[in-house]
Amino acid sequence: MNRVAVYARVSTADQSCGSQLRDLREYVAARGWEAVEYVDQGVSGARERRPALDRLLAAVKARKIDVVVVAAFDRFGRSVRHLVEALELFRHLGVDFISLREQIDTGSPLGQAVFTIIAALAHLERSLIVERVKAGLRRARAEGKRLGRPPLRIDERRLEGVVRRSLPVRAAARELGISPSSYLRLLQAYRGRSDLPAAG
């Protein structure tokens, strides 16, 4: 007997999951299944944490579920990437995924083919994002813009006083109000210009 879970979600508290659950229950009953229901009421699809979905995925990872049924892709996935990652998890664990609106069943050959297409599109989306970021960085460099963190502005006399006292790195960084790694970078640069002793 398949262990089945259905998932439904609406974005606002004044909406109802009733229509989704009705369609899901009818589908499950027609297949002769019984299902555990996971419902997120008033939870935006863009939110990182969704209590019911998190519980559903935990049950999947614990191998307590064989089939997940949803009303539509957009009720389940936060993004194409999230959808593909979830489907990859399901495939790895041998869990079938069914979406009623898209008429997708990953337990069928056609469903597997559609998943392959979706995964390819997600990979393309990630590649395009990376390329856009790289193009933006190249353009910024060509325009003479400085990239990365702004340079640290520490009074030279304060830095010299801290170095001369040979304070431990953490204590020196704390006194200057910077991180230990930032202090070490400043110290290295300072040593290049000075014969002062190193910090303790």
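Ranking of F115, F76 by neighbouring Cβ atoms within 10 Å, starting from the fewest: F115, F76. Extending 7 Å from Cα along the Cβ direction at L121 and again at Q41 yields two label points whose distance is 3.2 nm.
The amide H of V36, built 1.01 Å from its N in the peptide plane, has V4, A5, V6 as neighbours under 5 Å, considering only residues 5 or more places off or on other chains. For I104, the residues whose amide H sits under 5 Å from its own are S99, ignoring neighbours fewer than 5 places away on the same chain, with H placed 1.01 Å from N. To the nearest Å, what is the center-to-center distance of region 1-46 and region 150-179, using C-alpha atoms only? Each part's Cα centre sits 58 Å from the other's. Return a whole-number percent for the relative contact order of the chain, with Cα pairs under 8 Å and 6 or more residues apart as the contact set. After rounding, I find 15 percent. Note on the chain: helix-only mean residue ellipticity at 222 nm, from DSSP H runs of 4+ residues weighted -39500 (n - 2.57) and normalised by residue number, equals -17000 deg cm²/dmol. Computed extension length for R170-A13: 51.6 nm, one decimal, from 0.36 nm per residue of separation with the Cα-Cα distance subtracted. This ranking places Y7, Y27, Y38 by how few other beta-carbon atoms lie within 10 Å of each, fewest first, which gives Y27, Y38, Y7.
A convex hull fitted to the Cα coordinates of the chain yields 211 cubic angstrom per residue. Once each of the trypsin sites (Lys or Arg not before Pro) sitting in a DSSP loop with at most 14 other beta-carbon atoms within 10 Å is removed, the chain keeps 102-144 as its longest stretch.
Each residue of region 26-41 was assigned a 3J(HN,Hα) from its phi angle through the Karplus expression (A = 6.51, B = -1.76, C = 1.60, θ = phi - 60°), giving 5, 5, 4, 5, 5, 7, x, 9, 10, 10, 8, 9, 10, 10, 10, 9 Hz with x at Gly and Pro.
Going from the residue with the fewest nearby Cβ atoms within 10 Å to the one with the most, S182, S108 rank S108, S182.
FYI, it's all coordinate maths here, none of it is from the lab. The shown structure was predicted, so the numbers you read here are calculated from the model rather than taken from an experiment. Virtual Cβ from ideal backbone geometry, glycine too; neighbours counted across all protein chains shown.
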